[in-house]
1. Which of the helices (runs of 4 or more DSSP H) found entirely inside the stretch 183-277 contain at least 3 residues meeting this: at positive phi, open to solvent by less than 30 Å² (accessible area, probe 1.4 Å) and modelled with pLDDT of 90 or more?
2. Quick one: in the stretch 458-486, which of the residues that are assigned to a helix (DSSP H, G or I) and touching a helix residue (DSSP H, G or I) at 6+ places or on another chain (Cβ under 8 Å) is most open to solvent (accessible area, probe 1.4 Å)?
3. Criterion first (small (Gly, Ala, Ser), at pLDDT below 95, more than 18 Å from the chain's Cα centre (by Cα) and open to solvent by 20 Å² or more (accessible area, probe 1.4 Å)) does Ala58 satisfy it?
4. Only one of Val395, Val421 is under 25 Å from the mean Cα position of the chain (by Cα) and either closer than 27 Å to Val52 by Cβ or modelled with pLDDT under 95 (or both); which?
5. Taking only the stretch 221-247 into account, find how many residues are under 20 Å from the mean Cα position of the chain (by Cα) and among the β-branched types (Val, Ile, Thr).
6. Please determine whether any residue of the stretch 151-173 is within 14 Å of the chain's Cα centre (by Cα), buried (at least 20 other Cβ atoms within 10 Å of the Cβ), part of a helix (DSSP H, G or I) and modelled with pLDDT of 95 or more.
7. Checking the structure you have, find out if any residue of the stretch 364-377 is more than 27 Å from Gly40 (Cβ to Cβ), at pLDDT 95 or above and either touching a helix residue (DSSP H, G or I) at 6+ places or on another chain (Cβ under 9 Å) or of a type in the set (Val, Ile, Thr) (or both).
8. Residue check: is Gln138 modelled with pLDDT of 95 or more, surrounded by 22 or more Cβ atoms within 10 Å (Cβ to Cβ) and more than 28 Å from Leu76 (Cβ to Cβ)?
Amino acid sequence: MAVATSVAAEAADRRRGVPVWVLPVVWTVGLGLWGISRQGSVWRDEAATWQVARRSSAEICRMLENVDVVHGCYYLLMHVLFECFGAGTTTLRLPSVLATAVAAGCVAVIGQRLAGVWAGSAAGLAFGMLPAVQFYLQEGRPYALVAAGAGISTLLLVTVLQRRVHGLRWVAYGGTVVVMGLLNWLSLMILAAHLATLLWCRARREVWVRWTVASGVAVVCVLPLIVFSRSQAAQVSWIPPLTWHMLIGPAVLLVIGGVGALLDRPRPRRLSVAAVGLPLLAVPQLGLVTASLLQPLFLDRYVLYSLLGLALLIGVAVGAAVRAVGRRNVGASKWVLPVGVAVAMAALLPQSLAKRSPVSRVDDVMAIASDVRRTKETGDAVLFLPSARRDAKSVSPDAFAGLRDIALLESPAKSGTLKGVEASPEHIRAAMLRQKRILLMADAPAVARPVTAERDRMKAAVLKAHFRVVSDDQVRGRRLTVYERR
């Protein structure tokens, strides 16, 4: 009787026209706006977005020929936003906030259609609270936008599996997958997840034909980007080889997902949360692990969208709890979701606060730029070790005004690179020996990598042999050392 009452209540909610996606969207936007500036900090990955977005379209296109072509569409989007709304941490991160909210709304609708209002609401609310999602929710990078595309494409797939629809839905599906692939071509693994769902549900022949065409066209559209980006594979050479401890996180996620799938009582040929959520969670994770055996690529952000599947399965678990409580006390069942959200937020609060702190990232280019502004004197020179640390100058050029970048031969924008082109080691050495004071921008020891480039070894050797340290400050992963000639 209680279960029937609960089902009737869900049906009544639908009749009242209360969209299940509204609360998750508002909730996720609220989580995203909470501390969005991170005290004005910007770390090195976001600094790449910042400096590229401030270049002209022609300069961006020229850069993509040399580096970061995989993020080309995202950079062009951010260029437009920076032009329209100005450069700032809100403009940098708000697209990710809104994209995550879209993903949460899609999860909620999928959950509602497959398991009811309670499951849909819980899935949508849970997605924004997942620790990894909270990290990239406020990140000026494309991973949240890919998650939004995954949510939209999965919702479209569920729609065509539930009812016969016209071809425009398939056009939208294929177009969404193309956009995902252009933002990050590793997101095409979602097609394998959707393939698993189609096999599970034994989809109609009509669906198979149209899905094959839509997914095939999407892959063909993204294929030139995949092929061209392989020439820039050195960009990811810093990613460490796959180790067993890296697999702990995916293993935990898959166990949690498996429990959620069991609560959904999956059956073959039935479209269910398990049929959609489990492949969406498992296939991209396992696909990235497999790819990393061939070339190290294992970074959780590349498959952030797989957490949509985890959120769906969490929603099923909450829906099952609502039904279980409803069998004993119908009135108490409506408190299961609010209490669960409150408990989860309380448990995650320390982590949520930490992720909104500047120290949650490797470094902060804004903080060290402020130190440069305070420390520099007329006639000073500046060096960057490695040259990638020139990102602080690219993001905050005013802080470096008056400093002579004595190693730089061609600026990042002019050279079509992220870090510029430096002169030969001999030229840099001669320029260093003509200076009285040099400001050295480097990584803090805790996050610094071994110096391997000949230019960087030469910089360190000349400073050690011919200069003495006047001051040495470290702030949020960056190090600013002032040297004077002996």
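1. none
2. That would be His466.
3. Numbers: small (Gly, Ala, Ser): yes; at pLDDT below 95: no; more than 18 Å from the chain's Cα centre (by Cα): yes; open to solvent by 20 Å² or more (accessible area, probe 1.4 Å): yes.
Considered against the rule, which asks whether it is small (Gly, Ala, Ser), at pLDDT below 95, more than 18 Å from the chain's Cα centre (by Cα) and open to solvent by 20 Å² or more (accessible area, probe 1.4 Å), Ala58 comes out as no.
4. On the way: Val421 fails: under 25 Å from the mean Cα position of the chain (by Cα).
None of the others qualify; the one that does is Val395.
5. Total satisfying the criteria: 4.
6. Residues of the stretch 151-173 within 14 Å of the chain's Cα centre (by Cα): none.
Checking the stretch 151-173: not a single residue is within 14 Å of the chain's Cα centre (by Cα), buried (at least 20 other Cβ atoms within 10 Å of the Cβ), part of a helix (DSSP H, G or I) and modelled with pLDDT of 95 or more.
7. Kept after step one, since they are more than 27 Å from Gly40 (Cβ to Cβ), are these residues of the stretch 364-377: none.
No, there is no match, as no residue in the stretch 364-377 is more than 27 Å from Gly40 (Cβ to Cβ), at pLDDT 95 or above and either touching a helix residue (DSSP H, G or I) at 6+ places or on another chain (Cβ under 9 Å) or of a type in the set (Val, Ile, Thr) (or both).
8. Details: modelled with pLDDT of 95 or more: yes; surrounded by 22 or more Cβ atoms within 10 Å (Cβ to Cβ): yes; more than 28 Å from Leu76 (Cβ to Cβ): no.
Spelling it out, it is not the case that Gln138 is modelled with pLDDT of 95 or more, surrounded by 22 or more Cβ atoms within 10 Å (Cβ to Cβ) and more than 28 Å from Leu76 (Cβ to Cβ).
The values are calculated or read from the model by the stated rules, or taken from the named source; none is laboratory data. Because the structure is a prediction, the values reported are computed rather than measured. As a convention, Cβ positions derive from the backbone with ideal geometry for all residues, glycine included, and neighbour counts pool all protein chains shown. Each accessible area value is taken on the protein alone, full model and side chains, heavy atoms only, with ligands, DNA and RNA left out. Shrake-Rupley method; radii C 1.70, N 1.55, O 1.52, S 1.80 Å.
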